[in-house]
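Read the structure below first, then the notes.
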Amino acid sequence: MNIDCTMTKSGDMNIDGEKTEIMSPSKLNESEPYDIFKQLPLEIINKIVLQLDFNDILNLKLVNKNWRCVYLNQNEIWARICKNLNIRAIDYNRCLNDRARHNSECIVYAEIISEKLFGPLCDDWLTFNHYITIVENMKNNHFPFIIIPRRRFNQSYYTDDYIVNINYYYRKPIEILILNGAGKPIERRILPIFNLLREFIKKCFLKKYPLKIIGNKRFLVLEICSIIFVYSIKNTEFNKKFFKVIQKSVDYGLNKDDFNEKFLIDHCDTKFDLYDNKLALVHPATSTLFVTDLSTEETYKELQFSSRGCIVDSMKCSDYRLMIGITKPKKNNFEAAKHLAILHQFNRCTENNRLKIPLLGPVTQFKAIGDCIGVENKGSTTPFITLKNNSVLNVFWLKCNTFSFDCTRNYIYYNVNKSIFQYDRLKSTLFESEVVKKIPVNAISNLFPLTSLNDRYLLVRSTHPNSYEIIDVKEHVSIRTIHLTPGYSLVHVGKLSMIFSNSLKTMVVAFN
């Protein structure tokens, strides 16, 4: 395990340079059974536990109270498990709030009683338990449906936690619906409007240049023609933070004449993406991409991704990556348009490398996990980029219509000719023969992207009209079929819910 352990003269132990105290046998309660682990510092126990399989760690909490309350109740252990399963606390923080106001009828009542008997869990173990609650709810078909009547809106944006509705003709044009979970009341809020945005609404600019919306649990961003209006979110309150013109000087926008018709025309084709506090905005006319830290309001990176104007088909940003799919128009009748997927990798604020992959069709979507990126496109084959130490290791191709990663990062699920296949990434690295396995489920539509709900369940569209299936990829069965009346469309898939909508109603399918 490569642990440097040395004893000091006082009988204490140094572990990797850190001094720890050993519990003396005389301090043990003689009435208790002898426990050799009481002789070890928690740092050593953590390193031992992290060598075990996932299921063995879960079984250890059943051994006795010491294992449940002390040895396993360490953030270092559960942070590693959550990282391996791609479980982020920010994705499940509404579950944490639900647990805080629980009652005896809630589905996790037994776990709450356990906490009362044995004490509170560490933060990362608590996050893992909320993830398991979601998986069990789906396995046991606990899907509460929340119906929300819709008024006439020009556009809407959906997340697990809130819905943004916009009507340019209302005196208060932007409404926020706070989703508190199944059985909880829907809260309606009116979003405070920046003066500049109000001027745009009055002048009817938004009819010609639609407002773009993106948000997460920390920020809500409205964008029009490279002007961003940023709101911070805390305790379900939306507060104005700042507005900024991307790619212009800090003082730009103080003069009302700055935002004339020419400015709006030149900046109307922007695209953007949000990851935590990082906003990436691309300007296709200048082939330039800008990255802004919403916490500090600083635009700290500017990238030129093409030598001439192009069409940006899709983009995605993550903690240290930027992915752009572009189409370069043909120069003449004898030259075909070029489709490219571009990957930028960074180490802090320094660009490490850039990779360009030619494609047979325009990019429709990027999907990424820790060490692999897939590029859905309208061509016949899909490239997958594997990474190691933030550098490109290799690129392999699969013939598929759509695909999805599972959260354990071990498998790629993809569909061809209305069938689902499982690609084992671990076996492929070991050069084993049975890398691809067909999953025996009913026929599915090739037109809808495979969407991973978590490491166990996939959402697919059935070939039956207005129907969706939730597939258990471990048991290879469909656990739930959702039949919709005509007119409904899928507008959001998240960690805590799916949302369908039509002109009259919004239907939230809650997992928690």
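Determine the shape class of the stretch 461-512: with a ≥ b ≥ c the square roots of the Cα gyration tensor eigenvalues, call it rounded for a/c under 1.5, and otherwise prolate if a/b is greater than b/c, oblate otherwise. Mind dumping the intermediate values first?
Values: a/c = 2.85, a/b = 1.39, b/c = 2.05.
Oblate is the answer for the stretch 461-512, as a/c is 1.5 or above yet b/c matches or exceeds a/b.
Indicate the gyration tensor shape class of the stretch 268-333 (rounded, prolate or oblate), computed on the Cα atoms with a ≥ b ≥ c the square roots of the eigenvalues: a/c under 1.5 is rounded; otherwise a/b larger than b/c is prolate and the rest oblate. Don't jump to the answer; show the numbers that get you there.
Details: a/c = 2.69, a/b = 2.21, b/c = 1.22.
Judged from the Cα gyration tensor, the stretch 268-333 comes out prolate (a/c at least 1.5, a/b above b/c).
Name the GluC sites (Glu not before Pro) in the stretch 277-342 that are in a loop by DSSP and that have at most 12 other C-beta atoms within 10 Å, would you?
Taking the stretch 277-342 and a limit of 12 other Cβ atoms within 10 Å, the loop GluC sites (Glu not before Pro) found are 335.
So which chymotrypsin sites (Phe, Trp or Tyr not before Pro) in the stretch 279-320 pass both tests, a DSSP loop state and at most 12 other Cβ atoms within 10 Å of the Cβ?
none
Checking the table 212/301; 217/505; 217/330; 65/217 against a 32 Å threshold on Cα-Cα, which pairs fail?
Those over the limit are 217/330; 65/217.
Provide the FRET efficiency to the nearest 0.05 for the residue 135-residue 39 pair, computing r from the beta carbons and using R0 = 35 Å.
Rounded to the nearest 0.05, the efficiency is 0.40.
Can you tell me which of 128-134, 396-402 comes out highest on packing, and rank the rest after it, using the mean Cβ neighbours within 10 Å? Present the calculation step by step, with values, prior to reporting the outcome.
On the way: 128-134: 20.9, 396-402: 16.7.
Top to bottom by mean Cβ count within 10 Å: 128-134, 396-402.
Which of the trypsin sites (Lys or Arg not before Pro) found in the stretch 450-494 are in a DSSP loop and have at most 14 neighbouring Cβ atoms, other than their own, within 10 Å?
Details: sites: 456, 461, 474, 480; in loops: 456, 474.
Sparse-neighbourhood loop trypsin sites (Lys or Arg not before Pro): 474.
Can you give me the accessible area per residue for the stretch 138-225, using a 1.4 Å probe, in Å²? Spell out each step's value before the answer.
Details: 4230 Å² over 88 residues.
Normalised by residue count, the accessible surface of the stretch 138-225 is 48 Å².
How far apart, in nanometres, would the label points at residue 355 and residue 50 be if each is projected 7 angstrom from Cα along the Cα-to-Cβ direction?
2.7
The values are calculated or read from the model by the stated rules, or taken from the named source; none is laboratory data. A quick note: this is a predicted structure, and the numbers were derived from the prediction, not measured. Here Cβ is always computed from backbone atoms with ideal geometry, including for glycine, and neighbour counts include all displayed protein chains. Surface areas here come from the heavy atoms of the whole protein model, side chains and all, with no ligands, DNA or RNA. Shrake-Rupley method; radii C 1.70, N 1.55, O 1.52, S 1.80 Å.
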